[in-house]
Amino acid sequence: ETLDATGLHVLPGAIDVHVHFREPGYTHKEDFGTGTAAAAFGGVTTVFDMPNVIPPTGTAEALAAKHALASEKAYVDYGLYGLLGEDTIAHVPDLVAGGVIGFKLYMGNTFGNIPSPTTGGMLEAFEVVAPTAKRVSLHAETASIMARRESRLRAAGRKDPLAHLAARPAVVAVEAVSRAAVLSEWTGCRIHVLHISSAEELRPLAEAKARGVDVTGETCPQYLLLGAEDYDRIGPVIRVNPPVREARNQAPLWAALASGVVDMIATDHAPHIPDEKVRDDIFTVDCGFPGVETQMPLMLTEVAAGRMSISDYVRWSAVNPAKAWGLHPHKGILQPGAHADIAIVDLKRAWTIDDAALQSRAKITPWHGRAVTGLPIHTLVRGRFVMKDRTLVESARGTGRSVHTVQDMPAPRVANPDATMTEIVKIPAPSRGAAATGA
Ligand code: NCD
Ligand code: ZN
Ligand code: ZN
């Protein structure tokens with residue numbers, strides 16, 4: 001096999017720590033084959049898949065079934081999140097033993113109707129996860145605040161797109177991030193704040209980091225590049241949790257990436273099919289849209305525009321995610337000893353995003369028609385082509401591997417010496433420093 005890379009540039013493949021590949025249960029929206037093919041086309045070589053599927057990934061059986069599906073179909077490497085809720089606390093040891101990349105905890109309701117734990121349940125959950133060294137990723141929106149606002153808006157007859165934004169004001173996230181940071185500090189459980197959408201959330205995040213809490217944060221292209229004025233232009237397709245907010249939030253989010261308060265860019269790839277995205281009443285439209293395939297082109301466009309350097313982009317798309325989950329030094333950076341997880345990109349290629357051309361099964365995004373500059377031409381995972389000359393390498397199906405065994409993280413600092421939950425829920429010793437899968 002020869003490769004002409006004249007004029008192209010080499011980047012570490014992106015690590016997207018937040019995707020919903022919908023399997024099992026919602027495979028009309030996506031599956032591990034279509035989702036990881038979309039990743040390959042987007043220059044993304046590792047994805048972390050969320051547990052809001054049917055059944056939710058909250059038991060050893062559900063996790064084993066998901067591992068089987070993913071290993072059979074995946075084109076790129078992956079981690080699988082375990083669901084952390086009040087009814088899955090007892091399953092934490094089995095989920096860790098079964099190979100999770102980390103846990104996902106829903107502080108507020110979103111797609112899949114996963115129940116949110118009480119604050120007490122969350123404290124117990126953090127106490128139990130802390131000694132496993134796994135990171136808990138948070139959908140940080142407070143359920144009770146949202147529910148009250150949404151029912152008032154509905155009762156008042158509001159069903160326009162902006163009603164979705166009004167039902168989830170930034171305080172919903174500010175309250176949740178602040179509360180999660182306090183519980184993380186108390187228990188020593190490391191946490192990650194998903195889909196940061198507002199300037200207001202940055203303060204509790206920055207304050208927690210300043211206090212030494214092991215907290216990381218992600219934002220997404222939709223919060224960096226879209227604003228409330230896009231609701232009219234894009235229509236209900238823009239509906240996502242948390243909502244796209246007023247454009248005044250964009251500059252603080254970019255500044256937070258630059259200062260390190262926000263660590264990384266993830267996509268929250270949340271595919272739904274057109275029938276589920278186009279309705280008259282915004283509250284009945286499924287929330288979310290695909291993003292794993294468009295993240296790198298959208299961000300390289302910002303590099304071309306001078307908004308960030310290429311090394312900033314690599315830090316936020318690959319290096320920092322790898323460090324936060326202990327994938328470093330095997331993944332996330334081009335250096336001796338690292339896996340050959342590589343995106344070979346044309347930084348000058350100007351093109352227009354077309355939903356119909358996406359690999360994702362859900363061919364509807366708010367990015368349709370957007371002009372971008374920059375395109376992944378070839379993608380390699382552990383040295384193997386998975387996408388070559390903008391063509392899927394069919395033989396790479398099923399070559400993606402779980403990355404949960406490459407973690408090598410120091411034991412967390414437990415702030416509260418009185419924590420007792422771990423004695424009630426038996427925790428096995430974390431398997432640290434295990435050899436990299438497929439290395
Ligand atoms: C996600 C989904 O559809 O699974 N939707 C979304 O709007 N982001 C769930 C989530 O991440 O909250
Ligand atoms: Zn979420
Ligand atoms: Zn999500």
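The values are calculated or read from the model by the stated rules, or taken from the named source; none is laboratory data. Here the structure is a predicted model, which means the values were calculated and not measured. FYI the Cβ positions are ideal-geometry reconstructions off the backbone, even for glycines, and counts take in every protein chain you see. These accessible areas exclude ligands, DNA and RNA; they are computed on the full protein's heavy atoms, side chains included. Shrake-Rupley method; radii C 1.70, N 1.55, O 1.52, S 1.80 Å.
Summary of computed values
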read-out: Near pairs, Cβ below 8 angstrom, 6+ apart or cross-chain, from the range 351-371 (at positive phi) to any residue that is exposed (fewer than 14 other Cβ atoms within 10 Å of the Cβ); value: GLY369/THR352; GLY369/ASP354
read-out: GLY374 at pLDDT 95 or above, open to solvent by less than 70 Å² (accessible area, probe 1.4 Å), part of a loop (DSSP other than H, G, I, E, B) and within 24 Å of ASN320 (Cβ to Cβ); value: no
read-out: Within the range 265-297, considering residues that are open to solvent by 30 Å² or more (accessible area, probe 1.4 Å) and closer than 11 Å to ARG239 by Cβ, the one modelled with the highest pLDDT; value: ASP286
read-out: Subset tally (residues that are within 13 Å of ligand 1 (Cβ to nearest atom) and open to solvent by 10 Å² or more (accessible area, probe 1.4 Å)) for the range 6-22; value: 1
read-out: Of all residues making up the range 274-297, the number that are within 12 Å of ligand 1 (Cβ to nearest atom) and assigned to a loop (DSSP other than H, G, I, E, B); value: 6
read-out: Condition check for VAL240: surrounded by fewer than 23 Cβ atoms within 10 Å (Cβ to Cβ), of a type in the set (A, V, I, L, M, F, W, C) and assigned to a loop (DSSP other than H, G, I, E, B); value: no
read-out: From ALA62, ALA37, ALA70, residue being open to solvent by 10 Å² or more (accessible area, probe 1.4 Å) and assigned to a helix (DSSP H, G or I); value: ALA62
read-out: Members of the range 243-264 found to be open to solvent by less than 10 Å² (accessible area, probe 1.4 Å), away from ligand 1 (no atom under 14 Å from the Cβ) and within 23 Å of MET146 (Cα to Cα), listed by number; value: ASN249, LEU253
read-out: Test result for GLY108, away from ligand 2 (no atom under 15 Å from the Cβ), touching an Asp or Glu at 6+ places or on another chain (Cβ under 6 Å) and modelled with pLDDT of 95 or more; value: no
read-out: All positions within the range 23-34 that are crowded, with 24+ Cβ neighbours inside 10 Å and in a loop (DSSP other than H, G, I, E, B); value: LYS29, GLU30
read-out: Test for GLY120: is it within 16 Å of ligand 3 (Cβ to nearest atom), outside any loop (DSSP other than H, G, I, E, B) and not hydrophobic (A, V, I, L, M, F, W, C); value: no
read-out: Flag if ALA173 is within 16 Å of ligand 3 (Cβ to nearest atom) and out of contact with any strand residue (DSSP E or B) (no Cβ under 8 Å at 6 or more places or on another chain); value: yes
read-out: Selection within the range 202-235 - within 15 Å of ligand 1 (Cβ to nearest atom) and closer than 25 Å to ILE15 by Cβ; value: GLY217, GLU218, THR219, CYS220, PRO221, GLN222, TYR223, LEU226
read-out: Top-ranked residue of the range 298-317 - restricted to ones that are of a type in the set (S, T, N, Q) and in a helix (DSSP H, G or I), ranked as surrounded by the fewest Cβ atoms within 10 Å (Cβ to Cβ); value: SER311
